[in-house]
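Shown next, in structure tokens, is the structure this report addresses.
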Amino acid sequence: MADWEPIADIAAKVKAGQLKAVDLVERSLAEIAKQESYKAIIATTEDRARERAKRIDAQVADGEDPGRLAGVPFIAKDNFLVFGANTTAASNILKGFDAPYQSTVIEKLEAEGAICVAKANLDAFAHGASTENSDFFTTLNPHDTTRVPGGSSGGSAASIALGMAPFALGTDTGGSTRQPGSFVGVVGYKPTYGLMSRSGIVAMASSLDTVGTFARNVADASIVIDVMAGKDELDSTTIDREQTGYITVQGDLRGKKIGIIKEYMGEGLADDVREQIEKAVAKMREAGAEVTEVSLPSISLALAVYYILCPAEVSSNLSRFDGQRYGYSYADAQDLNESYTKSREIGFGKEAKRRIMIGTYVLSSGYYDAYYKKAQTVRTKLIQEAEAAFKQVDFLIGPVAPTTAFKIGENANNPLAMYLADVMTVAINLIGVPAISIPCGVSGENGLPVGLQLIAPQRADRALLELAKVTEEIL
Amino acid sequence: MTKLTRDDVLRLAQLARISLSDDEANEFTDELSAILQYVEQLSSVDVSGLQPTNQVTGLTNVMRKDEVKDYGYAPHDLLKNVPKTEANQLKVKRMIG
């Protein structure tokens, strides 16, 4: 496995001419080829990556500054529009889609000298918690190949655990970055809703979608987050970024008020996960943090709220895949309606159809108030409870998922059981606050990684990264 | 407790413009009923006095100037993924008989 230096060091060495971007790209591509059997990657962008690397090395030779991520290779989840390979969202309906422009965050990373080398596997359209809903193949967990890497950004998470690149991008709509981060033992960051532009990312549920970052440590993640954060005129939901930036200095746990979410530590949490979380809490206390139990009484309703709002928004966002504008189009249709219905029947996988149907139901006349509006109103209740909690404490913590990585096939035939994998992450998206999963030991039962979830108030991303960095050091 | 019938599922599929195989229609009848029964736990939650949340940023009326910007894309690039085109436009099947 390639051992990557800290991102800041790689960029500094490239700028000083001590490392060549072309060599970094080759190292990354060689690692991807060597570890192909884990099926983390859908396609490489090798030709374009090599071209970009040459240009960056030439810039350095000419005395120019290629940027803060000079020559740093990265991997993007295949729902980001990227040049150099197709963008499929791991779906048959988008097979062969050749992006006419790139995602804003990809443009920002490239402007600082980063180089995208590959597109990672996901549950098709990011619908899932295991990558088993990919229309192409399931990614294997690097720690145990009979288990899933989590999802939906399972390919991106696995690629970092496998050392294919120093960082990777995911998306997080209901836990899709934090949960796979936890399942494979890497850092997974979900920002405040609106902190990063979603322009050029295949939309899933627009009131919840965020850009996720995977890295091996918090310092690496912070640099990437700092480059990506900020307003974008192409995404009118973006918010102002913190002017001081997101690269954290040395912090301290002393006096930090931290609330452990009582409801997440109750029934349903596996013993081996609980053990690691409790150990982490003990270490945080030793380091001076004031950890108390905090209750969010309605948080157990979050999953039900999510599985109304998310499919509703999915059904709306996926209506654009109609066989006329792009993607798969049924060739033998007799009329326009048949072209729609057949293109969508053949192009969409089962989970996309399931969500479109649920979404159509909860938005349909006669059911809208009982389901959709009710869910939106319970969402308000969740937000108010979180606001009340953040008056008592600076941060919330808890597990990321109720179990360690589950077996491939274990939940595959029971969609509801699969949805339960998101039970400790979806509330964060509904509330819109930032959260991060950091590795906190391995299970005493199966040796698989366990993640600790740290959660901050809205727009407190910088403070959260600081907390994560000091916590990472003591764990 | 909502229990969808196979006809309900076929009607939903029609609304969503998806045709379903017989097997899919049968499977979805059970699966969608189970999912709806799960989310129906919200029906007993007291939300009196609360407004629905549509978005969490607090942003209102994000405006920009209504002006043409050149992003440098040629029509050909933007249309390269379209299944059928004619004269730089999408071509679809006849809509009105």
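The values are calculated or read from the model by the stated rules, or taken from the named source; none is laboratory data. Every value quoted in this text rests on a predicted model; they were computed, and no experiment measured them. We place every Cβ from the backbone using ideal geometry, glycine too, and count neighbours over all the protein chains shown. All accessible areas refer to the heavy atoms of the entire protein, side chains included, with ligands and DNA or RNA removed. Shrake-Rupley method; radii C 1.70, N 1.55, O 1.52, S 1.80 Å.
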> What value does segment A:406-469 have for Rg/Rh, both radii from Cα atoms and Rh as Kirkwood defines it?
Replying inline: 1.06
> In the structure displayed, which of A:95/A:407; A:257/A:283; A:20/A:77 lie more than 18 Å apart, Cα to Cα?
Replying inline: A:95/A:407; A:20/A:77
> If you look at just the Cα atoms of segment A:341-390, how large are its Rg and its Dmax in Å?
Replying inline: 15.9, 49
> On a 0 to 90 degree scale, rounded to 10, what angle separates helix B:6-15 from the longest Cα axis of chain B?
Replying inline: 20
> What translational D, rounded to a whole number of µm²/s, comes out for segment A:120-219 from Stokes-Einstein when the hydrodynamic radius is the Kirkwood one over Cα pairs, at 10 °C and 1.306 mPa s?
Replying inline: 123
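Take every residue in peptide A:200-209, count the Cβ atoms of other chains within 10 Å of its Cβ, and give the average of those counts. Mind dumping the intermediate values first?
Details: counts 0, 0, 0, 0, 0, 0, 1, 5, 1, 0.
Averaged over the peptide's residues, the number is 1.
Enter the buried accessible area of the B/A pair, total of both sides, probe 1.4 Å, in Å² rounded to the nearest 100. Intermediate values should be presented prior to the final figure.
Working: alone 9690 and 17960 Å², together 22410 Å².
Protein heavy atoms only, the B-A interface buries about 5200 Å².
For segment B:39-94, which GluC sites (Glu not before Pro) are in a loop by DSSP, counting at most 11 other Cβ atoms within 10 Å?
Hits after loop and neighbour filter: B:67.
Within chain B, how many Lys pairs sit with Cα atoms under 21 Å apart, leaving out pairs fewer than 8 places apart on the same chain? Spell out each step's value before the answer.
Details: B:69/B:80; B:80/B:91; B:80/B:93; B:84/B:93.
For chain B, qualifying lysine pairs total 4.
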>> Using alpha carbons only, how many angstrom separate the centre of segment A:139-194 from the centre of segment A:335-412?
In response: 20
> In whole Å, how far is the Cα centre of segment A:424-457 from that of segment B:32-97?
Replying inline: 30
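For residue B:88 and residue A:107, what is the calculated FRET efficiency with R₀ set at 22 Å and r taken between the beta-carbons, to the nearest 0.05? It would help to have the intermediate numbers written out before the result.
Details: r = 26 Å, r/R0 = 1.17.
After rounding to 0.05, the efficiency reads 0.30.
Would you tell me the mean number of C-beta atoms belonging to other protein chains that fall within 10 Å of each C-beta in A:371-377, as a whole number?
Numbers: counts 6, 1, 2, 7, 5, 6, 9.
Other-chain Cβ atoms within 10 Å of each residue's Cβ, averaged: 5.
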>> Could you sort the peptides A:105-118, A:67-80 by per-residue average Cβ neighbour count (10 Å cutoff), highest mean leading?
In response: A:67-80, A:105-118
> Per-residue mean of other chain beta-carbon atoms within 10 angstrom of the beta-carbon, peptide B:55-66?
Replying inline: 4
> In segment A:42-105, if every C-alpha pair distance is counted and binned at 10 Å from zero, what percent goes to each bin?
Replying inline: 20, 45, 26, 9, 1
>> Checking a compactness column here: for segment A:311-359, what do you get for Rg(Cα) / (2.2 N^0.38 Å), N being the number of residues?
In response: 1.10
> What percentages, rounded to whole numbers, describe P(r) for segment A:108-161 computed over all alpha carbon pairs with 10 Å bin width beginning at zero?
Replying inline: 29, 43, 22, 6
> Whole number please: convex hull volume per residue of the Cα set in chain A, in Å³?
Replying inline: 138
> Distance in nm between label sites at residue A:30 and residue B:73, each 7 Å beyond Cα in the beta-carbon direction?
Replying inline: 3.9
>> What is the ratio of the Cα radius of gyration of segment B:1-87 to 2.2 N^0.38 Å, with N the residue count, to two decimals?
In response: 1.86
> If you line up the long axis of helix B:22-39 against the longest principal axis of chain B, both from Cα atoms, how many degrees apart are they, to the nearest 10?
Replying inline: 70
> In whole angstrom, how far apart do the alpha carbon centroids of segment A:88-132 and segment A:242-281 sit?
Replying inline: 30
